[in-house]
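See structure below.
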Amino acid sequence: MPTDDDAATGWSPPSADPAGPPSRGPGRRYKTSTLVVRSLAVLLAVVVAGGSLAIYLKYRAAWDGIARVDVSGDLNAAKRPPADPNALNILLIGSDSRVGVNGEIGGTGGADAIEGARSDTVIVVHIAPGAHEVDVLSFPRDSVVPILNCTPEGGTSGQTAEPLYDIEQINASFAYGGPGCLWETIEQTTGIHINDFVELTFSGFEQVVNELGGVNVCLPEAVDDPLSNLNLSAGMHHVYGPEALAFWRTREDLGTGSDPQRIQRDQFLMAALFQGLEHSSLMTSPSTMLSVIDTLTSHQDVVTDSGLTPSVMLRIAEDLRGLKGDSVQFVTVPWTTYTGNAQWISSSETPSYGNVNWVQWVQPEANELFSAIAHDNTLPKSGKTTPATATVSPSDVDVEVLNGTTTGGLATSTSASLSQLGYNVVGAPADAAADTYTNSVIEYSGKAELAEAQTLAQLIPSVTLEEDPSLTGSAVQLILGSTFTSLQSASSAGSSSSASISDIATTYGGITGSVNICDDSSAFAGPDGS
């Protein structure tokens, strides 16, 4: 069981050591120019729409040609967030592997020289109950995340948790531990239960775009990027595989040169792709759909987990039938520059780990977004079992924080948050006697401590209060359960009003599938990467 110093839902990156974190060996320092497609979310979700069970049975051989990875070694059932039986969350991975033809496409030398493969596209596609909407959540590849224990899989070496300095770039989780490690990292840092993953290569993206007859892109200015080989004039263009991939990969010489801004551009292209799919024969022609599938499988450009079966794909197809552009939302995890970068840069030693592009997720906004997707109903989900409001000041509340789950870090990050709010945290964050708590619990010794417990309860969603006479002293004991993601506002506790998950694009500055793709000037704004 990981200790509470490990990563967790609601996890925040540690402060940087002025001397810089220790090196993790060759290959950890890699360039941000090796990027990959980002339109996979809608594309791979709807590529099966319009089919029938008979078609899938007839072409079962095509599905059997998909490479599969057993990720069970990383997914301990006791550690995982609870699944929503009415929704699906698909992890989409864009691999920058340079094996075979992908090396010719992505480049194998110079600044692009890398070993293995990184997950330079990380997207979670949330298919809501009844397919009334699909939410496409993008994670910046430069996000800092905890280093978790991961078993070797898919040709990777695996990795060992490093409690002394336990962060890495999110695409390194995939590079060192494979898709299961990235899957586990996403689940434990967001609280979103992942059902399956799909991985696509450079070559696979190019072939799929070609099979779909190309896609529209709109540029507010001319672009000539020698790194990605994108050379287009301003205005609307209908592009095919190689140019579409070049558009996805363009970063350093465009706009601010940042990965989050490139995600913005790719979200507009994803919307354009969806708009094309709405009017294409793919949605109504099984032969067109199967041509796309056959292209992917015959070239071994797609990898999935062993649990992604034809029946699961059929469920996705049925759920997405008739989906409209306004029902598809594209958002990016709220982010800011990682606060440790400045210390590393100013250090007298050249850092051997980390880079100035690292970002961290903004809280509590990120956790509220994660909670909305995990629970599929609110932004954030209100704590309906919160007790009546108490009247004592936070400074009068002594609280000990314990982690009642196997997803480490909850007690550490929550203790820090409570301290910032004026609560008196006593003792060091620690693990509870059991790690099987689902909802959080506040234990108090008697009636004299009830008001303190009620005051604290206003901040904890889905919490219950329990009197425990065996407790000594005046401190209340907060035991965090697996449904906990972050503290909520005391003023909103028990409130019946909350924003719908349908408001995600508006709340988080995203777009929908029906957007005008030429309204993308902000995604290109900046000093051309300088």
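The values are calculated or read from the model by the stated rules, or taken from the named source; none is laboratory data. If you're wondering where the values come from, they're calculated on a predicted model, not measured in any experiment. Here the Cβ is made from the backbone with ideal geometry for all residues, glycine too, and neighbour counts use every protein chain on show.
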Exercise for the section: Can you run down the residue pairs with Cβ atoms below 7 Å, 6 or more apart or on separate chains, where the first is in region 503-521 and more than 25 Å from A366 (Cβ to Cβ) and the partner is among the polar types (S, T, N, Q)? Expected result: I517/N216
Exercise for the section: State all residues of region 145-166 that are surrounded by fewer than 24 Cβ atoms within 10 Å (Cβ to Cβ) and assigned to a strand (DSSP E or B); if no residue qualifies, say none. Expected result: Q159
Completion exercise
Picked from region 395-410 (must be over 14 Å from I442 (Cβ atoms) and not hydroxyl-bearing (S, T, Y)), the residue modelled with the lowest pLDDT is G408
Practice task
Go through S440, S522, S486, S491 for me and flag whichever is out of contact with any strand residue (DSSP E or B) (no Cβ under 8 Å at 6 or more places or on another chain) and modelled with pLDDT of 85 or more.
Solution key: S522
Exercise for the section: Check off (1) modelled with pLDDT of 85 or more; (2) out of contact with any Lys or Arg (no Cβ under 8 Å at 6 or more places or on another chain); (3) not in a loop (DSSP other than H, G, I, E, B) for A78 and give me the number that stays unchecked. Expected result: (1)
Practice task
Take T391 and decide whether it is at pLDDT below 55, β-branched (V, I, T) and closer than 24 Å to V426 by Cβ.
Solution key: no
Handout entry: Residue tally, condition closer than 14 Å to L478 by Cβ, within 28 Å of the chain's Cα centre (by Cα) and not aliphatic (A, V, I, L, M), over region 426-450
Key = 5
